[in-house]
Structures are given as structure tokens and as C-alpha cells.
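Below you'll find the structure, written out as C-alpha cells, and then a few comments.
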Amino acid sequence: MGKEKMNGNVLMITGIEGAENCANAMTKQLGLTVEVAENRKAAIAALRRKEYSVVVVDDTLAECDPAGAELIWKQSGLAIPLQVNFALAGAARLVREIKAAISRRELEQRLARRAATVTIENELKSTVAGLLLQSQLALAESKVAPQIADKLKLVVELAGSLRQQLSEGIQAN
């Protein structure tokens, strides 16, 4: 991944000595702002102040205060949750873990957007086909007044145009 710019902020929750130095090194490597909260109270306060892309909780804190860790996860909103043993992981490993988590999230979001797009396209195509069919059937009626026939012809034209635009848009994707 190199040093390309990522979006967001990271909150590291750990009481380990040297956490600020680690956060500074990670800020340079990730291109993200990395903040440190030393305990649950500081973490909850930080999470209330702003949103984070990633929240990293030290294993030690999570094991010593499982209820506190659960509260942190609940307060972290849409942030990617990571639990890491800071005593064993250096800045390089944390950077790799965060990059991997962000990459996974971005892939999941792209796939979700694509699935939503396909669903909407299918619904639109179905609605347009129904509109086109019903308009053509109404035009085929022998007792249609000329003013209504003109309006139905316009609806058929518009629905046909929309169908073509949808087909072109789908082929472009």
C-alpha cells in the first residue's frame, strides 16, 4: 500500500508506555491522525467528541475491563474495531493491521454499493417495462380519446427513452 493518503482518524486505547511515540510514528506511516486514550474514560470522551475510522483497543485493557471494552465498542459507531496486544505489537504491525482493516472495509463498501446499484437498476428496469407495457396496452384500446392517446404516446416515448438510458448506463458500468 505504500504511503498513499487514507481518510479518517485512528483512536488507540492503551495505557502502555510509549503509546504517544507509537501514535506519532503511525501518523507518519498511515497519513492518518492517530490519537491515544490512556483508559476507558478518556476513550469514551474522545469518541463523544468526534468520529474515528478505526478504534484500536489494547488486549490488556479489554481483558481487565470487559464491560469497559464493550462500552467502547458501542460508542465507536461505524469505526473499524481492532483489538491488539500492544505489548507484542510494534508500530509496524499496527500499521499493517490498520491498513488491512481499512482495505477490507473499502472493499466491503464497494461491493455493497455495487449490489445496491444492481438492485436499483433492476427495480427501475422492471418499473419502466411495466409502465411501457401498460401505456401500450392503453393505446391499443379502441375507445381512447385523442387527447389521452397523445398523452399515452408521450408516456410511451418517455418510458422508452428511460429504458434506453438505463440500458446504456448498465453497459457503461
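Just so you know, all these numbers are worked out from the coordinates, no wet-lab data involved. None of these values were measured; they are calculated from a predicted model. Note that we place each Cβ from the backbone using ideal geometry, even for glycine, and neighbour counts take in every protein chain shown.
Some values worked out for this structure:
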item	result
The chain: relative contact order in percent, alpha carbon pairs under 8 Å with at least 6 residues between	18 percent
Residues in region 61-89 reached by a label modelled at Glu108 [backbone nitrogen below 17 Å; 7 Å Cα→Cβ]	73-84
Cross-link reach list, aspartates and glutamates versus Lys125, counting only Cα pairs under 13 Å and skipping chain neighbours closer than eight places	Glu168
Sequence ranges 155-165, 119-129, 21-31, ranked by mean other-Cβ count within 10 angstrom, highest first	21-31, 155-165, 119-129
Region 114-168: C-alpha gyration tensor shape, a/c 1.5 cut-off, then a/b vs b/c	prolate
Residue-wise HN-Hα coupling along region 103-109, computed from phi with Karplus coefficients 6.51, -1.76, 1.60 (Hz; x: Gly, Pro)	4, 4, 4, 5, 5, 4, 5
Whole-Hz ³J(HN,Hα) from phi, Karplus 6.51 cos²θ - 1.76 cosθ + 1.60, for region 14-27, glycine and proline x	7, x, 5, 5, x, 4, 5, 4, 4, 4, 5, 5, 5, 4
Charged-residue dipole, Cβ positions (Lys, Arg, Asp, Glu), region 9-113 about Cα centre, Debye nearest 20	540 debye
Fully extended contour minus Cα-Cα distance, from Ala116 to Glu141, at 0.36 nm per residue	5.2 nm
Principal axis dimensions, the chain - Cα atoms, whole angstrom, descending	86, 36, 23
Cβ-based charge dipole, the chain, positive-most Cα from Leu61, Gln164, Val144	Val144
Inter-label distance for Gln134 and Leu82, nm, one decimal - labels placed 7 Å from Cα along Cα-to-Cβ	5.2 nm
Region 69-111: GluC sites (Glu not before Pro) falling in loop per DSSP and having at most 16 other Cβ within 10 Å	none
Estimated vicinal HN-Hα couplings, Hz - region 63-70 in sequence order (Karplus 6.51, -1.76, 1.60; Gly, Pro = x)	6, 6, 9, x, 5, x, 5, 4
Under-5 Å amide H pairs with Ile80, H placed in peptide plane, nonlocal only	Val54, Val55
Length-normalised contact order for region 114-168 - Cα pairs under 8 Å, 6+ apart - percent	45 percent
Principal-axis tilt of helix 146-172 within the chain, Cα atoms, nearest 10 degrees	40 degrees
